[in-house]
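This report concerns only the one structure given below.
The values are calculated or read from the model by the stated rules, or taken from the named source; none is laboratory data. Small disclaimer: the values here were computed from a predicted structure and weren't measured. Note that each Cβ is placed from the backbone with ideal geometry, even for glycine, and that neighbours are counted across all protein chains shown.
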Amino acid sequence: MTSSLSVCLLKLCNYLTDDYQLKSLNLKILLLLRHKVPHVQEAILTFMDKLIDEIQDRYLLFINDLVPFLIDNIHNRNEKVKAPIKSIINKFEEMSGGKI
């Protein structure tokens with residue numbers, strides 16, 4: 001994912017005030033994690049990490065959607081895919097005050 005596309009999607013997510021619309025977009029982006037190319041997975045996870053920074057507590061509404069995708073990819077052998085997953089998990093644990 002190019003940085004300009006990432007910036008555009010981040011802005012779009014910020015401007016979406018309807019949680020249903022944000023959830024729909026979030027799921028479409030998460031489905032891209034099923035792509036078998038590690039570079040694509042890394043780009044999506046890095047974007048998700050930035051999105052969580054951007055919308056913070058609001059993203060907690062979608063944690064149930066994200067967890068299955070994280071679990072599917074946590075055992076990925078590629079360290080570039082694992083790093084953003086660990087970062088995302090740490091952020092959620094900090095926000096929620098509990099373990100995921």
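Looking at 59, 15, which one is modelled with pLDDT under 90, loosely packed, with under 13 Cβ neighbours inside 10 Å, aromatic (Phe, Trp, Tyr) and at negative phi?
Details: 59 fails: loosely packed, with under 13 Cβ neighbours inside 10 Å.
Residue meeting the stated conditions: 15.
Looking at (1) closer than 24 Å to residue 7 by Cβ; (2) buried (at least 16 other Cβ atoms within 10 Å of the Cβ), which is the only condition residue 23 fails?
Among (1) closer than 24 Å to residue 7 by Cβ; (2) buried (at least 16 other Cβ atoms within 10 Å of the Cβ), the lone unmet condition for residue 23 is (2).
Working only within the stretch 66-75, note down all residues that are more than 10 Å from the chain's Cα centre (by Cα) and surrounded by fewer than 19 Cβ atoms within 10 Å (Cβ to Cβ).
Taking the stretch 66-75 as the starting set, the residues that turn out to be more than 10 Å from the chain's Cα centre (by Cα) are 68, 71-75.
The answer is 68, 71, 72, 74, 75.
Quick one: in the stretch 29-48, which of the residues that are of a type in the set (Val, Ile, Thr) and within 25 Å of residue 14 (Cβ to Cβ) is farthest from the chain's Cα centre (by Cα)?
40
Give me the pairs, please: first residue somewhere in the stretch 59-75 and closer than 12 Å to residue 88 by Cα, second residue anywhere and basic (Lys, Arg) and surrounded by 13 or more Cβ atoms within 10 Å (Cβ to Cβ), beta-carbon distance under 8 Å, and either six or more positions apart or on two chains.
74/82
Looking at the stretch 9-33, which of its residues are among the basic types (Lys, Arg) and without any contact (Cβ under 8 Å) to a residue 24 or more places away in the chain? Can you show your working first?
Within the stretch 9-33, the first condition is being among the basic types (Lys, Arg), and the residues that meet it are 11, 23, 28.
Residues satisfying the conditions are 11, 28.
Tell me which residues, restricted to the stretch 77-100, are surrounded by 16 or more Cβ atoms within 10 Å (Cβ to Cβ) and touching a Pro at 6+ places or on another chain (Cβ under 9 Å).
Within the stretch 77-100, just 81 meets the criteria.
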